[in-house]
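Scroll down for the structure; my scribbles are underneath it.
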Amino acid sequence: MSKLWGGRFTKETNKLVEEFTASIPFDQKLALEDIAGSMAHVQMLGECGIIPAEDADTIKQGLLSIKQMVENGEVQFLVEDEDIHMNIEKLLIEKIGPVGGKLHTGRSRNDQVATDMHLYLRTKTTELITLVENVQQALVEQAKVHVETLIPGYTHLQRAQPVSFAHHLMAYFWMFERDKERLIDSLKRINWLPLGSGALAGTTFPINREKVADLLGFETIYPNSMDAVSDRDFILEFLSIGSIIMTHISRFSEELVIWSSQEFQFVELDDSFCTGSSIMPQKKNPDVPELLRGKTGRTYGNLIGLLTVLKGLPLAYNKDLQEDKEGMFDTVETLEGSLKLLAPMIETMTVNKDVMRKAINNDFSNATDIADYLVRKGLPFREAHEVIGKTVLYAIQQGKFLLDLTIEEYLEFSPLFEEDIYTVLAPENVVAVRNSFGGTAPEQVLGQIKLAEGKLQK
C-alpha cells in the first residue's frame, strides 16, 4: 500500500529517508493517547454531522478493536508507516475498509501529535506527583524517629553547627514540596487542547472543539491555531521541573554516598539497594544513589536539547519538532525510576545515632553559642567573635575540644565566663535554643513535621 499522503508524489520514498524521518520507533509510546484523541474526534465528527453517524460508529468500533490489540501487544508498528498516527490509521483502514479514511477529516497530524503529547504528559505528571509524595512520606517517617538524633550541620562541607537529623531530612521534604507544587501548577498549561487547529490555520469543517475538550477532559482550548501546533512550552516546563526534581534527588544522593562511607558511617544503606565488587569482597557500593546522581545529567541534556531545537523555529509546524519526544520520554522514565527507588531506600536505611553523636562531641560546631553567650553578657558580637576564635585556636593547639577546656582556661580569654558555659555548650542545648520558627529545636522540628503531614493529607 502506498503512503497515505502519496498522491502528489511520483517516486517512492528513499529507504534511508524513511528510516531517518520515521518516529514510530519511539512515538509508539503514544498509541493509546492517539486512539483516545481519535475516539473523541470521530465522536464529534458524527455528532456535528460532518460524517454520517453510522460511519462514526464503525470507526469507533474499529479504534476500540485496535486499542485492545495494542494493550495485548499484538500490533507490529512499521517504519514505512512513519509515525504512530499513520500506523493507527492504516490499521484502521485495513480493519474496517475505506470508511476508516474519514477519521482524519478536519484534523492534521500536526494538531494530532500535539494532542497526544498533552494527554501523555497529563497522565505522567499526575503519576509523578504521587511518586514525589511517596518520597516525602518516607522522609517524614524517618524524621519522626530522629527528632532527638543529632548530626553535624555543614557549610562548605565543614562542620558548622549541630542540628537535628530530622531537621536535615525535612529540608529535602520542602524541596520536594516545591517540586510537587510546580508539577501541579504545570497541569494548568498541559491541560490545553490543540486538536481542531488543523495543520496551522484551522479547518473549513464546522467542528466543535468544545465537545472534544469535554470528552478528553481539557480545561482550555488553544485560541490560536498556529500557536497550538507549534507550542512545546508545556514540554519545556516539564523538562525544567524534571531537572529541578533530579537536582534535589542528586543532592540527597550525594549526602547518602558521603554518609554511608567508611569515613562518616552516619548511615548504612540496606543491602537490597547496594552492590558489591567483582574483585574486592569487602565492598558495599552505594550504586543506587550514585546512579541517581549520574542520571541527573540526562534530564539536563533533554531540557537543553529541546530549548536548542525550538530557539530558531519559525511558525508553525516544522519537522524539527519531532525531536521533542525522545527527551520527554526519557525524562519521564528517569524520574519514575529514580523516585520509585528513592522512597524505599530512605525507608530502609539504618541511622547510626551514636556515630553522629560522637562526631558532634569531637568538633567545634558549638563555638557560635559561646559567642552568643558573651554577647548576652554585654560584649559586642565582633569582640566576642574574636575571643572565641582565639579560644578555638588555643583548644586546637592543646588537642582539646571546647567542652574539654577548664573554667580557668576560659577565664584566660574573658572574665565573663562562668560555670554555666558547660551547659551552654552541651549539644542538646545548642540545638534546643534555636527555637525560632524554622529552627532545629525539637519543638520547631515537631511543628514542621506536623505541617508536612498536613501537606501530604491534602
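The values are calculated or read from the model by the stated rules, or taken from the named source; none is laboratory data. Please read these numbers as outputs of a predicted model, since none were measured by experiment. We place every Cβ from the backbone using ideal geometry, glycine too, and count neighbours over all the protein chains shown.
Descriptive notes on the structure:
- In region 365-387 there is at least one residue that is surrounded by fewer than 17 Cβ atoms within 10 Å (Cβ to Cβ) and polar (S, T, N, Q).
- Some residue of region 48-71 being loosely packed, with under 15 Cβ neighbours inside 10 Å, under 30 Å from LEU16 (Cβ atoms) and not hydrophobic (A, V, I, L, M, F, W, C): no
- Meets criteria (out of contact with any Leu (no Cβ under 8 Å at 6 or more places or on another chain), free of Cβ contacts under 8 Å to residues at least 12 places away in the same chain and either in a loop (DSSP other than H, G, I, E, B) or under 30 Å from GLU148 (Cβ atoms) (or both)) for THR423: yes
- Residue within region 9-27 that is at pLDDT 90 or above and surrounded by fewer than 21 Cβ atoms within 10 Å (Cβ to Cβ) present: no
- Among the criteria (1) free of Cβ contacts under 8 Å to residues at least 12 places away in the same chain; (2) in contact with a Lys or Arg (Cβ under 7 Å, 6 or more places away or on another chain), the one LEU187 does not fulfil is (1).
- In the set ARG382, ARG293, ARG376, only one residue is within 26 Å of CYS274 (Cα to Cα) and of a type in the set (D, E, K, R); that residue is ARG293.
- Looking only at region 379-411, and only at residues there that are out of contact with any Leu (no Cβ under 7 Å at 6 or more places or on another chain) and not in a helix (DSSP H, G or I), the one that is farthest from ASN362 (Cα to Cα): PRO380
Conditions (1) touching a residue at least 40 places away in the same chain (Cβ under 8 Å); (2) more than 36 Å from the chain's Cα centre (by Cα), marked per residue:
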position	(1), (2)
ALA36	yes, no
ASP57	no, yes
GLN68	no, no
ASN72	no, no
PRO98	no, yes
GLN112	yes, no
THR115	yes, no
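- Residues of region 136-191 satisfying the condition of being surrounded by fewer than 20 Cβ atoms within 10 Å (Cβ to Cβ), among the aromatic types (Phe, Trp, Tyr) and assigned to a helix (DSSP H, G or I): TRP174
- Note on region 46-88: among residues that are at pLDDT below 95 and assigned to a helix (DSSP H, G or I), the one that is nearest to GLN112 (Cα to Cα) is HIS85.
- Failed item, numbered, when SER108 is tested on (1) buried (at least 18 other Cβ atoms within 10 Å of the Cβ); (2) touching a Gly at 6+ places or on another chain (Cβ under 7 Å); (3) over 30 Å from VAL229 (Cα atoms): (3)
- No other residue among THR126, THR115, THR130 is surrounded by 22 or more Cβ atoms within 10 Å (Cβ to Cβ) and assigned to a helix (DSSP H, G or I) apart from THR115.
- Count of region 358-378 residues which are farther than 20 Å from GLU418 by Cβ and part of a helix (DSSP H, G or I): 4
- Matching option when the condition is surrounded by fewer than 14 Cβ atoms within 10 Å (Cβ to Cβ), under 42 Å from the mean Cα position of the chain (by Cα) and either not in a helix (DSSP H, G or I) or not aromatic (Phe, Trp, Tyr) (or both), among LEU315, LEU339, LEU335: LEU315
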